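Visitor: Take this structure first; my questions come after.
The values are calculated or read from the model by the stated rules, or taken from the named source; none is laboratory data. Note that the coordinates shown come from a computational prediction; the quantities given were computed from them, not determined experimentally. Neighbour counts run over all protein chains shown; Cβ positions are idealised from the backbone, glycine included. The accessibility values were calculated without ligands, DNA or RNA, using every heavy atom of the protein model including side chains. Shrake-Rupley method; radii C 1.70, N 1.55, O 1.52, S 1.80 Å.
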Amino acid sequence: MTTSENPHTVEKSIVILGGGTAGWMAANLLQHHLAQHGFKISLVESPDIGIIGVGEGSTPQMKQFFNTLGISEQEWMSKCHATFKNGIKFQGWSSNIGFQDYFHPFASFPDKQTAGGFLVNCLLRRQGHDVDAHPDQYFLSAYLAKNGLSPKTQANFPVAINYAYHFDSAKLGNYLQYLATDKGVKHIQSKIQQVQTHPSGDIKCLVGDKGEEICADWFIDCSGFSSVLLQKTLGVEFVSFADNLFNDSAVAIPSTKTTPLPVQTVAQALSSGWSWEIPLTNRIGNGYVYSSRYINAEEAETELRQKLNILDADVPVRHLNMRIGRVAKHWYKNCLAVGLSQGFIEPLEATALHLVQETIESFISAFQSGGFTEKHQNEFNQRINHRFDGIRDYIVCHYKMNTRTDTAYWLDNAANQHISASLSHIIECWQRGADLTAEIERQNIAHYYPAVSWHCLLAGYGQFPVLGAKQPASHQVNQQEISHFIQQCAKGFIPHQQALKLE
């Protein structure tokens, strides 16, 4: 809407400020769920702001996003250079012998046959018994990743697993824009110079550089770290996680793709952070997430280039700054913040789009059940804050429990006392050999990360007491049966190249 129109001629209108993956994901979901209720959805973005096209990973929740929109993998993946993701391989986060690497799987139905043995052995090993408690031996997706097998099966094979994707974030943003505008979302290109508010404090209109006014009943802030609407205009407080998570910067460099394409993300510990390796069909996305307190941008770029053996100055490099934390209220007055404008937890577990999707879907549910009013705003904000904090604690645990001693960065992370009471209880429970699953249930946090994920992290680091005299285990897990079951299941899964129709 503009000033040439009466702002009240459309009773239900939503304007999204900012495009990119978050903005266009919001546009698609809002159009899908709310257009039928009479809402007109518009997205405003500046033609001068481009999308950062780094390789990005997702969680399995993203599959549900496309299912909701009725979009098949065949339709979107090739357009976004996407590949399949079985999980994340962590390299070098621990110095414990035999636990320098581990694979973090996505919990799936077949794991019900094997994860129980893993949890039993974790408990026994924490109680001093000499048993195999490395997570890689117990999960089908770890076996698939190691052997280059995709999470896709042959026709009529009766086993299925959870999986995620890797993709080019710029290509995905463009594709989501196409989907949204094709379904009726209005795309407005305007460089916003001013935000007008009502006497109540609610946002009234966005004013462009040509004087145009874009008015609506509700606004979605997808303006990135600048958070033009929620933080700058409405003054919502930002809660920093800088004391919990040290990393605040990143540098990204592409490299030539490998064949066959890996079917996992690799997160490798470096001197002052970690590097990502994300396989796309046209290239490998690489980056170094680090703390500027321990290394500067030039040094970080040099370290990443040396790791990749890419010394050519002509290879494009992107330097990024990150503001780690969240807002105190994600939905305030008539504005919802989504994506970087609401907060960001560093990209270690690929939760950025997970939080975008969770925020939009939870908002739509609360908005609808509240009769398209602010009735459930407080409950919504509490729910999203708890999810941010729950994910933060899991990420913090990666750093707090590391056993590296080679740099001040890793030593300071291990010594960091700025952790939540929730995480403190989890670590204490693990270290005294108690029932970690029961502790997670007591805290009611399994819907952020299930108990098996916490076990994979802590066991994957080899966070066990030093073994004394060998003690007979009270319950022996049949390792051969588990290995046989996993190998039999894996026979139905097809190679990654074949699943992507690249061979």
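Visitor: Yes or no: ARG387 in contact with a Leu (Cβ under 8 Å, 6 or more places away or on another chain) and basic (Lys, Arg)?
Guide: yes
Visitor: Okay, next question. Where residues in segment 314-347 are of a type outside the set (Val, Ile, Thr), within 19 Å of GLY55 (Cβ to Cβ) and under 14 Å from the mean Cα position of the chain (by Cα), which of them is most open to solvent (accessible area, probe 1.4 Å)?
Guide: Restricting to residues being of a type outside the set (Val, Ile, Thr), within 19 Å of GLY55 (Cβ to Cβ) and under 14 Å from the mean Cα position of the chain (by Cα), the top hit is LEU340.
Visitor: Going through ILE51, ILE97 one at a time, which residue ends up being hydrophobic (A, V, I, L, M, F, W, C), at pLDDT below 95 and within 19 Å of the chain's Cα centre (by Cα)?
Guide: ILE51
Visitor: TRP93 is checked against (1) more than 19 Å from VAL356 (Cβ to Cβ); (2) in contact with an Asp or Glu (Cβ under 8 Å, 6 or more places away or on another chain); (3) hydrophobic (A, V, I, L, M, F, W, C) and fails just one. What number does that condition carry?
Guide: Single failed check for TRP93: (2).
Visitor: Give just the number: which of (1) more than 28 Å from VAL207 (Cβ to Cβ); (2) open to solvent by less than 20 Å² (accessible area, probe 1.4 Å) does SER46 not satisfy?
Guide: SER46 satisfies every listed condition except (1).
Visitor: Right, here's the next one. If GLN487 satisfies all but one of (1) open to solvent by 40 Å² or more (accessible area, probe 1.4 Å); (2) over 30 Å from PHE157 (Cα atoms), what's the number of the condition it fails?
Guide: (2)
Visitor: Confirm whether ASN147 is farther than 19 Å from TRP430 by Cα, in contact with a helix residue (DSSP H, G or I) (Cβ under 8 Å, 6 or more places away or on another chain) and surrounded by fewer than 19 Cβ atoms within 10 Å (Cβ to Cβ).
Guide: Yes: the conditions hold for ASN147.
Visitor: Filter segment 96-119 down to the residues that are charged (D, E, K, R) and surrounded by fewer than 19 Cβ atoms within 10 Å (Cβ to Cβ) and list them by number.
Guide: Scanning segment 96-119 gives ASP101, LYS112.
Visitor: I would also like to ask the following. Could you tell me whether CYS122 is closer than 19 Å to TYR461 by Cβ and either touching a residue at least 40 places away in the same chain (Cβ under 8 Å) or buried (at least 16 other Cβ atoms within 10 Å of the Cβ) (or both)?
Guide: The answer is yes for CYS122.
Visitor: Next question, about the same structure. State all residues of segment 65-90 that are under 21 Å from GLN264 (Cβ atoms), open to solvent by 10 Å² or more (accessible area, probe 1.4 Å) and either free of Cβ contacts under 8 Å to residues at least 24 places away in the same chain or among the charged types (D, E, K, R) (or both); if no residue qualifies, say none.
Guide: GLU73, LYS89
Visitor: Looking at segment 245-256, can you tell me whether even one residue there is more than 30 Å from GLY87 (Cα to Cα), of a type in the set (Asp, Glu), in contact (Cβ under 8 Å) with a residue 12 or more places away in the chain and open to solvent by 40 Å² or more (accessible area, probe 1.4 Å)?
Guide: no
Visitor: Next up: Restricting the search to segment 157-208, which residues are open to solvent by 70 Å² or more (accessible area, probe 1.4 Å), assigned to a helix (DSSP H, G or I) and touching a residue at least 24 places away in the same chain (Cβ under 8 Å)?
Guide: Selection gives LYS171, ASN174.
Visitor: Do any residues in segment 402-424 that are free of Cβ contacts under 8 Å to residues at least 40 places away in the same chain have Cβ atoms under 9 Å from those of residues that are open to solvent by less than 50 Å² (accessible area, probe 1.4 Å) and among the hydroxyl-bearing types (Ser, Thr, Tyr), where the two are at least six apart or on different chains, and which pairs are they?
Guide: ALA414/TYR399; ALA414/THR403; LEU423/TYR394
Visitor: Related question: Can you name every residue in segment 284-313 that is open to solvent by 20 Å² or more (accessible area, probe 1.4 Å) and either of a type in the set (S, T, N, Q) or within 23 Å of the chain's Cα centre (by Cα) (or both)?
Guide: SER292, ASN296, THR302, GLN306, ASN309
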